[in-house]
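Written out below as structure tokens is the structure these notes cover.
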Amino acid sequence: MENQEQQKPNTTSKKKWFIGGGVAALVLASGIGAAALFMKSPKAAYFAAESETVSEVVDFFGEKYKEELKWSELAKTAVIQSDFKITTDVESEGMEDPAFDMINSAALNLSTTTDVKNKQYALGFGGEIADVKVDNFEVFITPKQFVLNAPFLSEAISVSGEKLNEFTDGELGCSQDILLETELITKAQQKYLTKNLGKTIYEELPDEAFTKEKNKIVMDLSKQDVKKVATALAKKMETDPELESILKHAMATQGICDDESIKDVKQEIVNALGEIEFGVVSTIWVEKGKITQRELKFKEAEDFVITGKQSFGKELTFDYELQGTAEHMLIEGKFQKGNKASDSVNFAFDNVKVVYESEENKEKDTKNFERKLIIDAEGEQVTLNWDGSTQYKADSAVGEHVVYVNIPEVGKIALTIEQDSKKIKALELPEKIKDISNLTDDELSEYMIQVMEDALAWAENFMAETGFDEYLGDDYYYDDDYYYDEDFENYSFSEIIGLPAPDFELVDLNGNTHRLANYEGKGVFLYFWGTWVEPSEEEMLAINRQYQVFREQGVEVLAINVAQSDADVQSFISNLGVDFPVAIDETTNVMTAYDVGFVLPATVVIAPTGEVVDVIDGDMTEEDIAWYMEYITP
């Protein structure tokens with residue numbers, strides 16, 4: 001029998017890890033031990049010790065990080081604006097690359113405004129690069145609308161949540177009111193869980209399963225005992241509408257709101273509770289009301305055991321081992337509170353070791369710290385350093401942080417983050433706003449085409465001012481950094497070059513379905529375009545002329561419009577009279593799969609072997625088109 005138990009599938013062990021942790025979380029979070037403090041039975045003493053231990057840990061970290069927590073509480077009721085300036089310092093053997101000069105001289109400015117009480121949020125980002133200032137791009141979210149502002153807009157764009165959900169084919173899913181919820185579980189919901197689930201667990205556990213000898217308390221639950229508790233919890237999950245409401249709320253904060261997903265998660269919880277087939281022995285040793293040592297193991301198959309010790313006071317220490325048939329984990333550490341504190345956590349799992357170290361020094365209202373996160377995986381070690389200082393006052397918080405890492409054979413990469421947060425009166429929306437929620441399809445299409453033209457003009461001017469256009473057009477390159485093919489004399493940053501081309505399925509304007517698999521053994525020319533792009537008409541005519549030449553030689557062309565309406569595309573194409581098929585990538589999934597950016601037109605050239613030969617951003621001459629088509633001729 002012992003050998004048979006050891007040969008059980010690994011999924012059983014993993015389930016115990018999940019269920020064991022879940023049951024422990026329910027017991028600890030429910031707070032049922034608090035009600036048992038004044039009782040004297042072993043069962044009451046067990047849960048009183050669990051509750052007192054949790055309270056001690058919460059109080060310890062509450063005192064250690066009281067300034068941070070106080071500021072966090074203020075942010076729940078006040079309007080807080082936080083400005084961040086982020087600069088980069090890269091020191092590498094490849095510093096002769098002019099890109100590093102641009103990176104090291106650039107600054108990114110981020111601004112966030114949160115009004116949790118009224119469920120309003122704003123995010124802005126801008127900065128400076130190559131001595132060129134970039135005005136803020138801004139996004140505002142309120143219970144009624146989403147607002148976008150940008151340097152190329154004469155007035156900000158506003159759209160209702162309902163209309164935006166329509167634009168995204170329902171992928172927004174949740175109502176704005178739910179999306180703006182910040183708490184996974186509200187305080188009222190926590191009280192309900194404490195009162196109901198906690199009470200259910202406590203009442204279903206048999207008194208005779210608990211024994212006490214001096215400072216040692218044992219909870220010895222048979223498989224039937226555990227199953228009884230699990231069955232009671234599953235029944236409440238199935239029948240209690242308030243629990244379903246809490247589950248919906250928690251999932252909505254993660255952006256999941258459809259009834260089918262909620263139903264599936266609810267059923268998974270019920271099924272997991274119904275599949276419990278083991279007993280549990282939990283032994284704790286208690287001193288001064290708190291647990292100082294514990295052991296948790298499963299009776300039917302002892303392939304999962306937790307053992308460890310912990311201590312409390314000005315220093316909190318812990319040392320635990322988690323042992324399973326296929327898993328072995330060690331975690332130990334210490335935290336200190338006071339004006340000077342040294343903290344550390346060591347975690348080891350199989351061939352991976354993670355070490356966290358921190359030195360803190362507090363002077364008046366300023367905290368200075370040096371922290372390290374060391375990751376060692378199979379002998380390869382990386383150290384992430386975080387040095388900084390923070391200062392919290394009644395209505396403001398400032399800080400400066402430097403995060404850096406030294407990567408072997410690459411060099412040092414450092415980020416400096418300057419923070420300035422303060423309480424303000426209210427979140428302010430832009431003065432000029434255009435609401436596009438009620439525009440007709442034609443009006444919206446016309447408006448967005450103009451916006452795209454303005455955006456491209458702004459981007460072109462930005463590239464010229466910063467010198468990016470000259471840099472990207474330069475012949476300077478690293479073989480290891482991006483693709484270069486001497487046949488093309490073309491340089492591309494696309495990561496898809498040289499890889500198998502992703503398959504896709506699109507329907508053309510005539511109703512015919514096109515898949516890449518249908519073109520097996522042929523050269524393929526994918527042309528991504530938009531009616532608003534100036535060179536599209538002339539270039540498509542050039543492509544059509546060369547298509548007539550190479551069509552019989554095994555080259556296929558598919559023009560893929562990016563997310564415009566059927567009417568707009570049909571009108572544009574009917575005036576051209578091209579012979580190759582034209583399809584619309586309504587979701588932009590194909591565009592994304594082929595690593596095509598927002599710069600159009602763009603062409604993806606695919607060899608008869610199915611590999612991506614090149615990705616060309618921008619227009620091409622007819623000579624270029626002919627060259628590529630000849631190159632991919634089978």
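Give the number of residues within the stretch 191-209 that are open to solvent by 20 Å² or more (accessible area, probe 1.4 Å) and under 34 Å from the mean Cα position of the chain (by Cα). Final tally of qualifying residues: 7. Of everything in the stretch 285-317 that is charged (D, E, K, R) and in a loop (DSSP other than H, G, I, E, B), the residue that is farthest from Gln224 (Cα to Cα) is Lys314. Against the condition more than 27 Å from Glu183 (Cα to Cα) and in contact with a Lys or Arg (Cβ under 8 Å, 6 or more places away or on another chain), how does Lys223 come out, does it pass? Yes. Tell me, which residue of the stretch 430-447 that is touching a strand residue (DSSP E or B) at 6+ places or on another chain (Cβ under 6 Å) and among the hydrophobic types (A, V, I, L, M, F, W, C) is modelled with the lowest pLDDT? So, considering only residues that are touching a strand residue (DSSP E or B) at 6+ places or on another chain (Cβ under 6 Å) and among the hydrophobic types (A, V, I, L, M, F, W, C), the one modelled with the lowest pLDDT is Ile436.
Inspect the stretch 263-274 for any residue being outside any helix (DSSP H, G or I), in contact (Cβ under 8 Å) with a residue 12 or more places away in the chain and open to solvent by less than 50 Å² (accessible area, probe 1.4 Å) and give the result as yes or no. For the stretch 263-274, residues outside any helix (DSSP H, G or I), in contact (Cβ under 8 Å) with a residue 12 or more places away in the chain and open to solvent by less than 50 Å² (accessible area, probe 1.4 Å): absent. Checking the condition under 21 Å from Asn510 (Cβ atoms), within 35 Å of the chain's Cα centre (by Cα), β-branched (Val, Ile, Thr) and open to solvent by 20 Å² or more (accessible area, probe 1.4 Å), which residue from Thr592, Thr587 passes? Being under 21 Å from Asn510 (Cβ atoms), within 35 Å of the chain's Cα centre (by Cα), β-branched (Val, Ile, Thr) and open to solvent by 20 Å² or more (accessible area, probe 1.4 Å) holds for just one of Thr592, Thr587, which is Thr587. Note on the stretch 125-176: residues that are modelled with pLDDT of 90 or more, of a type in the set (D, E, K, R) and within 26 Å of the chain's Cα centre (by Cα) amount to 1.
Looking only at residues that are open to solvent by less than 40 Å² (accessible area, probe 1.4 Å), not charged (D, E, K, R) and not in a strand (DSSP E or B) in the stretch 76-99, which one is modelled with the highest pLDDT? Applying the filter and picking the extreme gives Ala78. The single condition among (1) in a strand (DSSP E or B); (2) at negative phi that Lys117 does not satisfy is (1).
The set of residues in the stretch 430-442 being open to solvent by less than 90 Å² (accessible area, probe 1.4 Å) and more than 32 Å from the chain's Cα centre (by Cα) consists of Leu439, Thr440. For the stretch 373-410, the candidate set comprises residues that are among the β-branched types (Val, Ile, Thr), touching a residue at least 24 places away in the same chain (Cβ under 8 Å) and open to solvent by 50 Å² or more (accessible area, probe 1.4 Å); within that set, the residue that is nearest to Ala348 (Cα to Cα) is Val382.
For the stretch 360-417, a tally of residues being of a type in the set (A, V, I, L, M, F, W, C) and closer than 21 Å to Ser111 by Cβ returns 6.
Confirm whether Tyr320 is part of a strand (DSSP E or B), open to solvent by less than 40 Å² (accessible area, probe 1.4 Å) and in contact (Cβ under 8 Å) with a residue 12 or more places away in the chain. The answer is yes for Tyr320. Take the conditions open to solvent by 30 Å² or more (accessible area, probe 1.4 Å), over 31 Å from the mean Cα position of the chain (by Cα), modelled with pLDDT of 85 or more and closer than 30 Å to Leu153 by Cα and apply them to Gln450. Does it pass? Answer is yes for this residue. In this entry, Glu370 is excluded by the filter for residues that are more than 18 Å from Leu330 (Cβ to Cβ), surrounded by 15 or more Cβ atoms within 10 Å (Cβ to Cβ), modelled with pLDDT of 95 or more and among the acidic types (Asp, Glu). Considering only residues in the stretch 323-341 that are part of a loop (DSSP other than H, G, I, E, B) and over 29 Å from Phe369 (Cβ atoms), the one that is nearest to the chain's Cα centre (by Cα) turns out to be Glu327.
The values are calculated or read from the model by the stated rules, or taken from the named source; none is laboratory data. All values reported here derive from a predicted model rather than from experimental measurement. Don't worry about glycine lacking a Cβ; one is built from the backbone with ideal geometry, like all the others, and counts go over all protein chains shown. We work out accessible area using only protein heavy atoms, side chains counted, and drop any ligands, DNA or RNA first. Shrake-Rupley method; radii C 1.70, N 1.55, O 1.52, S 1.80 Å.
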